[in-house]
Amino acid sequence: MFKVSQLAAAVAMVVTAAAVQAGEVEVLHYWTSGGEAKSVAELKKIMQAKGHVWKDFAVAGGGGDNAATVLKSRVVSGNPPAAAQIKGPAIQEWAAEGVLANLDATAKAEKWDSLLPKVVADVMKYKGNYVAAPVNVHRVNWMWANAAVLKKAGVAGMPKTWDEFFAAADKVKAAGLIPVAHGGQNWQDFTTFESVVLGVGGAKFYNDALIKLDAKALGSDTMKKSLETFRKVKSYTDAAAPGRDWNLATAMVMQEKAAFQFMGDWAKGEFLAAGKAPGKDFLCAAAPGTANAYTFNVDSFAMFKLKDAGAQKAQGDLAASIMGTEFQEVFNLNKGSIPVRLNMSMAKFDDCAKTSSKDFVDTAKTGGLVPSVAHGMAIKPAAEGAIKDAVSQFWNDDKISVADGMKNIAKAAATK
Ligand code: BGC
């Protein structure tokens, strides 16, 4: 028979052991659309199978601007979540604040250095230590289309150049349908804008103008042509576009109301979640003129420093799960992206994903692989925000001349 004191000690030991083995992970993310929610549910399942408690902290708003604002207030008030969906240079900014946990123990045990492309690993590290775990690779420079709408309008295939695109758009218009489904929010405007810049100017120009923010490139004739093309694309959108969420624009394509959408491959996650078949119901192609380039967007989770041992254990398990083969496959099949982990089999993936995977590798060799500015992969958040505002102002107000639009963008690029 146990004495009460022995029993109490035994119970305390069990409780401590349990606390070390399982913990609560509060995960801040902005994956709330149909395809996104299905994808994040897979991560929740894996964590629950490991005995952890998943506390969902979803903040709606495509592109994550709302989530970023909420995260700031939580961290500033000393109550950060265990993990948050943060990417690109924002990871470095958070790490510099001293609030991120060091993930090196997990990264070493799981051999992340040998499992990640260097361009990705570098973004996940701060001063040589891993502070974030990458989830996927999204390609941003995609164009999506409804196959039946193209057929109805007499468009033979996916347009490869901007001239072909505008000719196709005219046919769709003549058939009484909306050529371009767009959601007028500044990250969506910029998603279209960066594809136009890439298509008009090529990868080197994209790098000079949008990443190096080189004044000469921003004032060049190529920039002028880009803005003219961008404005022309807008003339093929509908009057109800302002403020529309991206997934509702995708729905317009699905429902045969619109022909095309310029959007990253999370749009494919939406089509798939609605039971649509790639290559049959919907088509994917690189945005006009961008087949030899690739704007990448890597989602990742940074972990915040927490004191509780159970919570720390859960963070390690979350990081390891994210990079594990099981999650990398099932998540990306749902999300529309491709695994970020190298040497994964693409057997279960569709042709859009296979193209993305091949182009990711090929463009890395030719210099065509460039980070997406629209999706926070390239420049510091302050300059990014200012440029996005200037581009959206131009998109929204046809009275702003191309010359003034160029000046406003160049001025915004100087934001520190
Ligand atoms: C993220 C995607 C997300 C999309 C729409 C992008 O910035 O990288 O994961 O699905 O925004 O919310």
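The values are calculated or read from the model by the stated rules, or taken from the named source; none is laboratory data. Only a predicted model underlies this, so the values are computations on that prediction, with no experimental measurement involved. Positions of Cβ are generated from backbone atoms using ideal geometry, with glycine treated the same way; all protein chains shown enter the neighbour counts.
The set of residues in the stretch 288-334 that are among the small types (Gly, Ala, Ser) and more than 16 Å from the ligand (Cβ to nearest atom) comprises GLY289, ALA291, ALA293, ALA309, GLY310, ALA311, ALA314, GLY316, ALA319, ALA320, SER321, GLY324. Looking at the stretch 20-98, none of the helices (runs of 4 or more DSSP H) lying wholly inside it contains 2 or more residues that are among the aromatic types (Phe, Trp, Tyr) and within 11 Å of the ligand (Cβ to nearest atom).
Scan the stretch 242-253 and give yes if some residue there is closer than 19 Å to ASP281 by Cα, out of contact with any helix residue (DSSP H, G or I) (no Cβ under 6 Å at 6 or more places or on another chain), of a type in the set (Gly, Ala, Ser) and at pLDDT 95 or above, otherwise no. Scanning the stretch 242-253 turns up at least one residue that is closer than 19 Å to ASP281 by Cα, out of contact with any helix residue (DSSP H, G or I) (no Cβ under 6 Å at 6 or more places or on another chain), of a type in the set (Gly, Ala, Ser) and at pLDDT 95 or above. Annotation note: of ASP308, ASP245, ASP299, ASP281, the sole residue that is of a type in the set (Asp, Glu) and in contact with a Lys or Arg (Cβ under 7 Å, 6 or more places away or on another chain) is ASP299. Can you tell me which residues in the stretch 99-140 are in a strand (DSSP E or B) and either hydroxyl-bearing (Ser, Thr, Tyr) or in contact (Cβ under 8 Å) with a residue 40 or more places away in the chain (or both)? If the condition is that a residue be in a strand (DSSP E or B) and either hydroxyl-bearing (Ser, Thr, Tyr) or in contact (Cβ under 8 Å) with a residue 40 or more places away in the chain (or both), then LEU100, TYR126, TYR130, ALA132, ALA133, PRO134, ASN136, VAL137, HIS138, ARG139 are the ones that fit. Here MET143 meets each of (1) more than 16 Å from the ligand (Cβ to nearest atom); (2) part of a helix (DSSP H, G or I); (3) within 30 Å of PRO288 (Cα to Cα) with one exception, condition (2).
Mind listing whichever residues of the stretch 180-198 are in contact with a Leu (Cβ under 9 Å, 6 or more places away or on another chain) and not in a helix (DSSP H, G or I)? Can you show your working first?
So the first thing to find is which residues in the stretch 180-198 are in contact with a Leu (Cβ under 9 Å, 6 or more places away or on another chain), and the list is 181, 183, 193-194, 196-198.
Scanning the stretch 180-198 gives ALA181, GLY183.
Annotation for the stretch 254-272: no member residue is surrounded by fewer than 16 Cβ atoms within 10 Å (Cβ to Cβ), away from the ligand (no atom under 16 Å from the Cβ) and assigned to a helix (DSSP H, G or I).
Conditions tested, residue by residue: (1) touching a helix residue (DSSP H, G or I) at 6+ places or on another chain (Cβ under 6 Å); (2) surrounded by fewer than 21 Cβ atoms within 10 Å (Cβ to Cβ).
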residue: GLU42; (1), (2): yes, yes
residue: LYS45; (1), (2): no, yes
residue: LYS50; (1), (2): yes, yes
residue: LYS108; (1), (2): no, yes
residue: LYS111; (1), (2): no, yes
residue: LEU116; (1), (2): no, no
residue: ASN129; (1), (2): yes, yes
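For the stretch 222-251, a residue qualifies if it is crowded, with 20+ Cβ neighbours inside 10 Å, within 16 Å of the ligand (Cβ to nearest atom) and farther than 15 Å from TRP144 by Cα, but none of them does.
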